[in-house]
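Here, each number is a calculation from the coordinates, and none is a lab measurement. Source: prediction; values computed, not measured. All Cβ positions, glycine included, derive from the backbone under ideal geometry; neighbour counts span all protein chains shown.
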Amino acid sequence: MAKSIAFQLNGKPRAVRVDDAQMPLLYALRNDLGLHGPRFGCGLAQCGSCTVHVDGAAVRSCAFPVAKAAGKKVVTLEGLGTPGKLHPLQQAFIEQQAVQCGYCINGMIMQAADLLAKNAKPSEREIRQALANNLCRCGTHARIVRAVKRASEMA
């Protein structure tokens, strides 16, 4: 039996109808709501490319049941900033040319946003520690760390 699950998505009320309430939130975001920031990487909550914020905390949406999002505030990469006013992290990633293939960037930015919400002026060590479980196969880690540091200086 299909069930409707309602939540706030990037500041707007949204609902999805699902047959399986345990379906990953990632599938609802990409397949039902047409968002492309969160990506399917490993499906095991190990790579970070699917990271979104739920009630202000970074979660791996590939392993987060859509039912757990009911009544909560979900923010994706698309909701951090707007084309006219980028989030400081988005701007810093552009300035530092932190993107190569771009597959990991959603997770890197969303995890970094979680860090900066808790610690506005992190050290390089704290940035590296916060991003340690986000995988990047292209090897742009140094530029990613510089971008997060730059964003922390912009705020």
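A straight Cα-to-Cα reach below 25 Å connects Lys149 with the lysines Lys85, Lys118, Lys121, residues fewer than 8 places away in its own chain not being considered. If you bin all the Cα-Cα distances of the range 19-155 at 5 Å, starting from zero, the percentages per bin are 2, 11, 21, 24, 20, 13, 6, 2, 0, 0. Taking a straight line from the alpha carbon of Lys68, these aspartates and glutamates sit under 17 Å away, with near neighbours fewer than eight places off in the same chain left out: Asp19, Asp20, Asp32, Asp55. Which whole DSSP H helices in the chain pass both tests: a Cα extent of 18 Å or more along the axis and a mean Kyte-Doolittle value no lower than 0.0? TM-like helix candidates: 105-118. Applying a 4.7 Å Cβ-Cβ cutoff to the chain, the cysteines left without a disulfide-compatible partner are Cys101, Cys138.
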